[in-house]
Amino acid sequence: MTVVDEVIRTEALTKDYPGGIRAVDGLDLSVRSGEIFGLLGPNGAGKTTTAGMLTTRVVPTSGSAWVAGIDVVAHPVAAKQVIGVVPQTNTLDRSLSVFENLYFHGRFFGMNARTARAEADRRLEQFRLTDRATQPVAALSGGMAQRLMVARAILHRPATIFLDEPTAGLDPQSRLALWEVLGELHAEGQTILLTTHYMEEADQLCDRLAIIDHGRLLALGSPEELKATTGADTIVTVVARPDALDRLAGVLAGVAGVQQAVRVDEQVVAQVEGADGIVPRVFTAAEAAGIAITDVSVAEPSLETVFINLTGKDLRE
Amino acid sequence: MSTVSPPESPLVPRRSPAAASRVAFAALLLRDAVVLRKTLREFLPRTLLQPFLLVFVFTYVFPKIGQGVGGAGGEAAFSTILVAGVIALAIIFQGIQSVALPMVQEFGYTREIEDRVLAPLPIALVAVEKAVWGALASLFSALLVFPIAAFVPATPVDLQVNWLVLCTLTPLCCYMCGALGLFFGTRFDPRTVPLLFGIVVIPITFLGAIYYPWQALEPIRWLQILVLANPLVYMCEGFRAALTDSPHMSLWVVYPALVGFSALFTWQGIKGFARRVVS
């Protein structure tokens, strides 16, 4: 493979924290120019630690990481020039106005006063924050603060931006607005790496995904490729009395068309190929086994399914 | 590993780390100056009121009501002794207020510091910038306070300025206090910051040779030795040498002590800073 368009690369990237906790375990990643790449995994999977190592904030225990060809461990100052970061928490400068947050960011990254002013104005316009320019950042809503942080992250035209759980804590409307913003940046060719534990977000936004858990890479590919690995075209979720669930899983596994049926929390998830008539067949089988079903739902395979296949557990835990 | 050149940006030329650091350092100072300008209405009273009251009560009210302070030397000598102390106090307070307190906030509640740390300069320089900013703010407050100490007292202040000492000592003291602010800022969090005043600042100021020359402690020998651990002692003694003919500690002790404290606080400040932003 050519590396000309590779923006992020990690090799055997590992981070141990004191107390013997291995947060990231031998991670190999390669992110191409212009793609939105997602790190998908539950809380504590090592996503934030990985993003921290790529952005010079966390020092790896072993392994290597490059951004735009720069070794981030050996040359953090050079690396910081080519990255933009949107952290999980609001780190806007509370002492400055909305405009000044962007203006000084430009100055930190070497723009002269005129360019910094022009770029700040342009980004405020682009992110629909112009009418807030002179307000203190404390006056912004969560969604606006998040947009301003994205504007700040891209102001110095980094080779890639990192967003750590960008929509966690946002209301649905702000989440959609942020997705739209990221879509626009993607269309301009901006390389984006984001971490998330929302599978809808990963599915909607990302060109490619790395599914990680316990610091290890479990699967890598486009959302479509990952979903295709399940081999199923339909997911049937069945709810029954909790004490009958394990038995129900065994019963459903024997139903025609069902590839696999596993208990996940308070329900049984069956992966099905050839969905015609599946719901009556499920009811018939359960009835024959003397199990009363209280709810059945049918859906297409999702990244959730992929995650359950890989780990036997739910992403939302 | 093959290398890749970053996409060329038309706006920001990729600089060498040294050049990028220089530019970012200057921009951080500019940011701090703009914040000071925006908060001048808070800065002025907080800087001026305490020294004014100190000078007013000790050197104006007391002589007027016939309740002299200053021991054998008398009231006039006391005004002269206090000049140095008031300026040193203004500097050390400013170091703490303009560096340590904002830093405790930025580390604690808001995590704003995390963004500053992503500016293209080494983390040690982000920390040193805070100390340098503290030095500039301290210098500014010393200039504001000097006229108060010189002209408010009811009894004449006998100024004998040694310009060479004044011009070298002032920046050194200001930097040391900026570094002290950096050190405190990384060691305290929002929960413990009241302790900073209760158990650190108050002893430093009460036992800092503000109200008396260090030599005058001779009769209490143990105290005289104990207070040598207090950086404010060297500042007050230094300013006494720079501004007056009062007895003072030898400058051969003052300068090395101030340089030593500056180095210690910078080193410990950088260490504490790095520990809080890099894991």
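Taking region B:68-89 only, how many residues are part of a helix (DSSP H, G or I), of a type outside the set (A, V, I, L, M, F, W, C) and at pLDDT below 65?
4
Just to be sure before I move on: is A:Leu54 at negative phi and within 8 Å of chain B (Cβ to nearest Cβ) in the structure I sent?
no
Can you find a residue that is touching a residue at least 40 places away in the same chain (Cβ under 8 Å), surrounded by fewer than 17 Cβ atoms within 10 Å (Cβ to Cβ) and not hydrophobic (A, V, I, L, M, F, W, C) anywhere in region B:226-243?
No, there is no match, as no residue in region B:226-243 is touching a residue at least 40 places away in the same chain (Cβ under 8 Å), surrounded by fewer than 17 Cβ atoms within 10 Å (Cβ to Cβ) and not hydrophobic (A, V, I, L, M, F, W, C).
Does A:Ala286 fit the bill of being out of contact with any Phe, Trp or Tyr (no Cβ under 8 Å at 6 or more places or on another chain) and in the same structural domain as A:Leu178 (by TED's automatic domain parsing)?
No.
Which of the residues that make up region A:269-295 are crowded, with 17+ Cβ neighbours inside 10 Å and in contact with a Ser or Thr (Cβ under 7 Å, 6 or more places away or on another chain)?
The answer is A:Val269, A:Gln271, A:Val272, A:Ile278.
Among the residues that make up region B:250-263, is at least one of them of a type in the set (Phe, Trp, Tyr), assigned to a helix (DSSP H, G or I), touching a helix residue (DSSP H, G or I) at 6+ places or on another chain (Cβ under 7 Å) and at pLDDT 95 or above?
Yes, region B:250-263 has at least one match.
Quick one: count up the residues across region A:14-45 that are more than 13 Å from every other protein chain (Cβ to nearest Cβ) and in contact with a strand residue (DSSP E or B) (Cβ under 7 Å, 6 or more places away or on another chain).
The total comes to 15.
Filter region A:58-69 down to the residues that are outside any strand (DSSP E or B) and not aliphatic (A, V, I, L, M), then identify the one that is nearest to the other protein chains (Cβ to nearest Cβ).
A:Gly69
Matching residues to (1) buried (at least 18 other Cβ atoms within 10 Å of the Cβ); (2) acidic (Asp, Glu); (3) under 21 Å from the mean Cα position of the chain (by Cα):
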{"site": "B:Leu118", "(1), (2), (3)": "yes, no, no"}
{"site": "B:Val128", "(1), (2), (3)": "yes, no, yes"}
{"site": "B:Phe151", "(1), (2), (3)": "no, no, no"}
{"site": "B:Val157", "(1), (2), (3)": "yes, no, no"}
{"site": "B:Cys174", "(1), (2), (3)": "yes, no, yes"}
{"site": "B:Cys177", "(1), (2), (3)": "yes, no, yes"}
{"site": "B:Phe183", "(1), (2), (3)": "yes, no, yes"}
{"site": "B:Thr192", "(1), (2), (3)": "no, no, yes"}
{"site": "B:Ile199", "(1), (2), (3)": "no, no, yes"}
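Look through region A:70-88, keep the residues that are part of a loop (DSSP other than H, G, I, E, B) and crowded, with 23+ Cβ neighbours inside 10 Å, and return whichever of them is farthest from the other protein chains (Cβ to nearest Cβ).
Once the filter is applied, the top-ranked residue is A:Val72.
Conditions tested, residue by residue: (1) basic (Lys, Arg); (2) farther than 22 Å from A:Leu226 by Cα; (3) surrounded by 17 or more Cβ atoms within 10 Å (Cβ to Cβ); (4) modelled with pLDDT under 95.
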| site | (1), (2), (3), (4) |
| --- | --- |
| A:Thr14 | no, yes, yes, no |
| A:Ala68 | no, yes, yes, yes |
| A:Asn90 | no, yes, yes, yes |
| A:Phe99 | no, yes, yes, no |
| A:Leu102 | no, yes, yes, no |
| A:His105 | no, yes, yes, no |
| A:Phe108 | no, yes, yes, no |
| A:Ala113 | no, yes, no, no |
| A:Ala118 | no, yes, no, no |
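As an exercise: evaluate A:Ala232 against (1) more than 27 Å from A:Val24 (Cβ to Cβ); (2) assigned to a strand (DSSP E or B); (3) touching a residue at least 60 places away in the same chain (Cβ under 8 Å) and give the number of the one condition it does not meet.
Of (1) more than 27 Å from A:Val24 (Cβ to Cβ); (2) assigned to a strand (DSSP E or B); (3) touching a residue at least 60 places away in the same chain (Cβ under 8 Å), only one is false for A:Ala232: (2).
Within region B:102-157, can you find the residues that are at pLDDT 90 or above and not in a helix (DSSP H, G or I)?
Hits for region B:102-157 are B:Val117, B:Leu118, B:Ala119, B:Pro120, B:Leu121, B:Pro122.
The values are calculated or read from the model by the stated rules, or taken from the named source; none is laboratory data. Computed from a prediction, not measured in an experiment: that's the story for all the values here. Virtual Cβ from ideal backbone geometry, glycine too; neighbours counted across all protein chains shown.
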